[in-house]
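Here the structure is laid out as structure tokens; the discussion comes afterwards.
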Amino acid sequence: MNTELLFNGFAILAVLGAVGLVLFRHPMNGAMSLVVTMVALAGLYALLSAKLIFALQLIVYAGAIMSLILFIIMFLNLQEKDLPEESGRWYYLLGGVVVIAPIALFLIKIVKTLPGSEATIVGGGFGGIKEVGLVLFQDWLLPFEIVSILLLIALVGAVVLAGKRRLGK
Amino acid sequence: MSALDILMVVVRVAFSAFIPLCFIAVCVWMERRGAGFFQDRSGPNRANIFGFRAAGLVQNLADAAKLIFKEDVTSGHIKHKFYFVLAPLIVFFTAVVSFAVVPFADTLVLGGKSYLMQGIPLDLGILWFLSFVGFSVYGIILAGWSSTNKYGVLGGLRSAAQVISYEIPMGLAIVSLLVVYGTIHLNEIAQFQGQLLFGFIPMWGAVLQPLGMVIFIVAAFAETNRTPFDLAEGESELVAGFHVEYSAMKFAVFFMGEYVALFVSSAMIVTLFFGGYQVPFLSTATLINNAKPVAFLLMIAVPVAMHYFAGWIRRSNVSHYPRENDPRVFEAEIYIKCFWGLVIFLEVVLLLILFADKGGPAAHIFVMLLQMATFLVKITMMIFVYIWVRWTLPRFRYDQLQRLGWQTLLPLALLNIFVTSAVVVALS
């Protein structure tokens with residue numbers, strides 16, 4: 001009963017945040033609604049007893065990435081007059097809804113045909129940092145290392161792109 | 001849930017919610033008296049209630065009354081009022097909530113059940129703290145931005161950039177700590193520090209990770225926006241930084257949030273590096289087994305300490321010029337009587353423990369109270385270090401601050417991780 005209430009609350013918040021991100025005109029409002037979505041998603045992870053993912057979602061997405069985005073928005077110091085004219089945006093929205101509606105109906109149909117099963121809380125420290133770490137470094141070591149090399153490449157690329165340009169080039 | 005379960009939930013939540021709030025008053029008082037001490041002056045000592053000044057604590061009440069009854073101004077040029085009001089709340093809320101996973105006593109075993117002595121019995125530990133530290137940046141950014149004030153925006157920019165960049169050395173210092181402790185659970189970290197190195201040195205983080213401790217403490221100073229890293233509110237340049245447009249209780253909430261953050265980061269430093277709630281040299285098991293001798297020693301030590309404390313009060317609490325029937329002497333006598341009353345109460349409690357069963361629930365509760373007291377004493381000492389640094393060191397320049405973070409602390413923290421990992425692998 002409680003978990004259902006919480007799930008509904010977080011799900012509604014997540015969807016509302018996403019809708020706000022698309023509909024708000026001011027970038028700060030958009031970014032703040034995205035924060036709401038991120039936090040609501042963290043709540044959903046916590047309901048799935050994925051404790052580590054919950055903390056990482058809060059630290060990395062809701063904490064670090066979104067605060068950098070907010071920081072940049074503050075840095076730009078946008079005023080009402082700087083915002084672009086979006087006269088046709090309601091038409092675009094309407095078009096988007098028309099395109100998405102059949103897919104959404106299809107998805108709802110699929111979800112409804114799923115066999116109902118009783119949800120139980122997984123015990124044995126499921127989702128804790130130790131368990132996830134053991135799985136990651138025993139069963140999934142190679143994929144984990146490959147992903148970390150990918151991240152390293154992105155990091156090096158960012159440094160190269162942001163580095164000082166040589167004069168006369 | 002039995003009545004005991006409910007009582008324990010209430011006790012734990014009350015401790016982890018009210019102690020940080022109570023420490024706001026203690027911190028503000030220590031800050032002012034400390035500033036006075038370091039600058040060779042008295043600090044606040046005039047505000048009184050019927051002549052009782054409580055060593056300057058009454059000044060806090062006067063401040064609170066002032067801040068509550070001041071006019072709450074929201075300037076007309078502020079367009080995003082929602083964020084303007086939300087910002088101080090975020091700063092305050094994240095500071096209070098991040099204390100929720102800090103253990104203030106070892107796991108309490110009562111009636112065959114064990115209770116984790118922290119606000120939220122969650123095993124996320126340090127990750128919870130990191131996530132809420134990250135959140136407090138939102139409050140600063142939103143406050144600076146929604147003020148629509150150049151000083152506010154500049155202060156917000158500085159502060160946010162500082163907090164974000166010092167989170168990295170802090171996180172890396174924590175990584176090397178976790179390599180040593182092998183757990184993220186703060187209670188297990190504190191239990192680990194109850195052991196003894198070579199049989200006589202407490203295995204504190206400060207001994208095992210001296211470099212990590214320096215990096216973490218410097219980063220914690222920067223995270224709480226305290227001097228020498230308080231450029232965000234450099235009065236001479238920015239008036240007050242990100243909270244320049246705030247007045248009355250909105251400002252007070254920022255102010256209180258800052259002191260709660262100070263308390264929480266002291267608590268984290270104590271938990272990670274100074275043994276947490278552990279009484280030095282006495283682990284929890286030793287204390288529970290020897291509750292009676294410890295209580296007996298305390299019964300002797302407390303009145304002796306009180307005797308010297310009373311002498312100190314009597315010597316310090318006098319007027320600085322000769323007065324007839326000095327009211328301060330009378331005041332001091334009242335304080336001394338109050339403190340002796342407290343000591344008598346303590347003696348009665350200790351006496352009860354002397355007559356209780358060996359290793360029974362009374363011993364467990366006694367050890368819990370002892371550890372809570374140790375924890376609070378350690379935190380108070382750490383807060384004093386914060387105040388000490390604030391009134392001793394001048395402010396950094398902004399480029400120096402960023403250079404220290406990125407070019408000194410970050411490589412040092414990385415080096416620390418490698419050295420620590422190598423040592424841990426070699427020893428295991």
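The values are calculated or read from the model by the stated rules, or taken from the named source; none is laboratory data. What you see is a predicted model; the values in this text were computed from it and never measured. Virtual Cβ from ideal backbone geometry, glycine too; neighbours counted across all protein chains shown.
Give the residues of segment B:269-309 that are over 24 Å from the mean Cα position of the chain (by Cα), buried (at least 19 other Cβ atoms within 10 Å of the Cβ) and of a type in the set (Gly, Ala, Ser), sorted by residue number.
B:ALA291, B:ALA295
In segment A:66-169, which helices (runs of 4 or more DSSP H) lie fully inside it and hold 1 or more residues that are among the basic types (Lys, Arg) and loosely packed, with under 11 Cβ neighbours inside 10 Å?
Result: A:89-113.
Against the condition surrounded by fewer than 22 Cβ atoms within 10 Å (Cβ to Cβ), more than 10 Å from chain A (Cβ to nearest Cβ), in a helix (DSSP H, G or I) and modelled with pLDDT of 85 or more, how does B:VAL175 come out, does it pass?
Yes; evaluated as a whole, the condition is true for this residue.
If you scan segment B:228-252, which residues turn out to be under 25 Å from the mean Cα position of the chain (by Cα) and closer than 12 Å to B:GLY156 by Cα?
Passing the criteria: B:ASP230, B:LEU231, B:ALA232, B:GLU233, B:GLY234, B:ALA240, B:GLY241, B:PHE242, B:HIS243.
Rundown of residues vs (1) touching a His at 6+ places or on another chain (Cβ under 9 Å); (2) of a type outside the set (A, V, I, L, M); (3) over 28 Å from B:VAL264 (Cβ atoms); (4) loosely packed, with under 14 Cβ neighbours inside 10 Å, yes/no style:
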site	(1), (2), (3), (4)
B:PHE355	no, yes, yes, yes
B:PHE366	no, yes, no, no
B:GLN371	no, yes, no, no
B:MET381	no, no, no, yes
B:ARG390	no, yes, no, no
B:GLN402	no, yes, no, no
B:LEU414	no, no, no, no
B:PHE418	no, yes, yes, yes
B:LEU427	no, no, yes, yes
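Is it true that A:ILE65 is closer than 28 Å to A:GLU118 by Cβ, under 14 Å from the mean Cα position of the chain (by Cα), within 14 Å of chain B (Cβ to nearest Cβ) and of a type in the set (Val, Ile, Thr)?
On the way: closer than 28 Å to A:GLU118 by Cβ: no; under 14 Å from the mean Cα position of the chain (by Cα): yes; within 14 Å of chain B (Cβ to nearest Cβ): yes; of a type in the set (Val, Ile, Thr): yes.
Taking the combined requirement at face value, the residue does not satisfy it.
Taking the condition of being in contact with an Asp or Glu (Cβ under 9 Å, 6 or more places away or on another chain), in contact (Cβ under 8 Å) with a residue 40 or more places away in the chain and not in a strand (DSSP E or B), how many residues in segment B:28-53 meet it?
Going through segment B:28-53 one residue at a time, the tally reaches 3.
Can you say whether B:LEU127 is within 14 Å of chain A (Cβ to nearest Cβ), more than 30 Å from B:LEU238 (Cβ to Cβ), in a helix (DSSP H, G or I) and at pLDDT 85 or above, as far as the supplied structure shows?
In short, yes.
For segment B:82-108, which residues satisfy the criterion of being within 13 Å of chain A (Cβ to nearest Cβ), surrounded by fewer than 21 Cβ atoms within 10 Å (Cβ to Cβ) and over 29 Å from B:GLN118 (Cα atoms)?
B:PHE82
Does B:PHE242 satisfy the condition of being over 25 Å from B:ASN416 (Cβ atoms), in a helix (DSSP H, G or I), modelled with pLDDT under 85 and not acidic (Asp, Glu)?
yes
Given (1) within 9 Å of another protein chain (Cβ to nearest Cβ); (2) surrounded by 24 or more Cβ atoms within 10 Å (Cβ to Cβ); (3) touching a residue at least 60 places away in the same chain (Cβ under 8 Å), identify the lone condition not met by B:GLN193.
Of (1) within 9 Å of another protein chain (Cβ to nearest Cβ); (2) surrounded by 24 or more Cβ atoms within 10 Å (Cβ to Cβ); (3) touching a residue at least 60 places away in the same chain (Cβ under 8 Å), only one is false for B:GLN193: (1).
Does any residue of segment B:196-206 turn out to be surrounded by 22 or more Cβ atoms within 10 Å (Cβ to Cβ), assigned to a helix (DSSP H, G or I) and within 14 Å of chain A (Cβ to nearest Cβ)?
No.
Out of curiosity, is A:ILE12 of a type in the set (Val, Ile, Thr), over 11 Å from the mean Cα position of the chain (by Cα) and crowded, with 17+ Cβ neighbours inside 10 Å?
So A:ILE12 does not fit the description; no.
Here are some residues: B:ILE120, B:ILE184. Which one is within 10 Å of another protein chain (Cβ to nearest Cβ), more than 25 Å from B:SER247 (Cβ to Cβ), at pLDDT below 85 and in contact with a helix residue (DSSP H, G or I) (Cβ under 6 Å, 6 or more places away or on another chain)?
Numbers: B:ILE120 fails: within 10 Å of another protein chain (Cβ to nearest Cβ).
Checking each option against the conditions leaves just B:ILE184.
Where in segment B:267-385 are the helices (runs of 4 or more DSSP H), entirely inside, with at least 3 residues that are more than 26 Å from B:ALA190 (Cβ to Cβ)?
Because the criterion is at least 3 residues that are more than 26 Å from B:ALA190 (Cβ to Cβ), the helices (runs of 4 or more DSSP H) in segment B:267-385 that meet it are B:291-316, B:327-355.
In segment A:15-31, which residue that is within 12 Å of chain B (Cβ to nearest Cβ) and in contact (Cβ under 8 Å) with a residue 12 or more places away in the chain is nearest to the chain's Cα centre (by Cα)?
A:ALA31
Quick one: would you say B:PHE229 is buried (at least 23 other Cβ atoms within 10 Å of the Cβ) and under 25 Å from B:TRP391 (Cβ atoms)?
yes
Residue check: is A:ALA40 small (Gly, Ala, Ser), within 14 Å of chain B (Cβ to nearest Cβ) and surrounded by 18 or more Cβ atoms within 10 Å (Cβ to Cβ)?
For A:ALA40, the condition - small (Gly, Ala, Ser), within 14 Å of chain B (Cβ to nearest Cβ) and surrounded by 18 or more Cβ atoms within 10 Å (Cβ to Cβ) - is not met.
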